[in-house]
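Reading through the structure tokens given below for one structure.
The values are calculated or read from the model by the stated rules, or taken from the named source; none is laboratory data. Predicted model, so just to flag it, every value in this text is computed and none were measured. Ideal geometry is used to build each Cβ from the backbone, glycine not excepted, and the neighbour counts take in all protein chains shown. Heads up: the accessible areas ignore ligands, DNA and RNA and are worked out on the full protein's heavy atoms, side chains in. Shrake-Rupley method; radii C 1.70, N 1.55, O 1.52, S 1.80 Å.
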Amino acid sequence: MNTSSIALVLRRCAVTTAAAVVVLAAAAGPAAAHAEVTASDSRALAENVTLSFTSEAERSEAGIKELRIVLPQGIAPDMVALKEAPEGWKLTATADGYTVGGPALAAGTDAEHSVTVRQLPDAKSLAFKTVETYSDGDISRWIEVPGDGEKVENPAPVLELEAAAPGATPIAPSPSPSPTPEPSVSSSSPASSTTAPTATAKTSADASAAEDSGSNTGVIVAAIAVVIVLVVGAGVWWVRRGRSQA
């Protein structure tokens, strides 16, 4: 093979390689953006750990306005507190995790936030399924948990944990706040339970007495009126009888 033939073959190889790179880059483009999580302490059972999340922006015409994080088993929503987030963003607990969001970020801006977790569970890895919502309503779901050596298109952020520190133990869950009991006559206010009924009974008795008194007075007045009518009637009769006999 002469020099010109070798040069031609090399040029063709270069063109083919470049084309392959372009195709691979185009295919990888949509999946290039992803969500990640890191920890200030990645040991199992570590306490007061800061988890930092980064959701890479996929859209050039819309910004991220909300992230929904599904917490792994062993981390309850009440064990999480917001540490840092974009200005105006707030954390709201959900049944299986939390949402953090607010004013939409500028298009192309990654969404970064961090939370403090009271304690990490005793596990080898933790997956934080993440759903991103953009200002135009578009949604990206990073919720697939890869298996051993398996690759997925939309992987959830996974935190690999190291062995727990010697002597580390699970802390007791924080007690749930007890609802403030309603005032109870029988339990919380024994004085009220005795005084209030007595006052009520006394009021009822006074009312009954007043009614009875009113009733008795009416009977007496009626009786007196009857007697007066009878006396007057008898007097009239007696006068008429006397006149008739005269």
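Modelled with pLDDT of 95 or more, β-branched (Val, Ile, Thr) and under 12 Å from the mean Cα position of the chain (by Cα) - does that describe any residue in the range 78-90? No, there is no match, as no residue in the range 78-90 is modelled with pLDDT of 95 or more, β-branched (Val, Ile, Thr) and under 12 Å from the mean Cα position of the chain (by Cα). Taking the range 42-83 on its own, how many of its residues are surrounded by 15 or more Cβ atoms within 10 Å (Cβ to Cβ), assigned to a loop (DSSP other than H, G, I, E, B) and charged (D, E, K, R)? Of the residues in the range 42-83, 3 are surrounded by 15 or more Cβ atoms within 10 Å (Cβ to Cβ), assigned to a loop (DSSP other than H, G, I, E, B) and charged (D, E, K, R). If you check Gly149, Gly101, Gly108 for being of a type outside the set (A, V, I, L, M, F, W, C) and touching a Lys or Arg at 6+ places or on another chain (Cβ under 7 Å), only one passes: Gly101. In the condition set (1) open to solvent by 10 Å² or more (accessible area, probe 1.4 Å); (2) in contact (Cβ under 8 Å) with a residue 24 or more places away in the chain, Val115 is compliant with all but (1). Of the candidates Asp148, Asp136, Asp122, the single residue that is over 21 Å from Ala39 (Cα atoms) and either in contact with an Asp or Glu (Cβ under 9 Å, 6 or more places away or on another chain) or in contact (Cβ under 8 Å) with a residue 40 or more places away in the chain (or both) is Asp136.
Going by the conditions given, is Gly147 modelled with pLDDT under 95 and open to solvent by less than 70 Å² (accessible area, probe 1.4 Å)? When the stated conditions are applied, Gly147 passes them.
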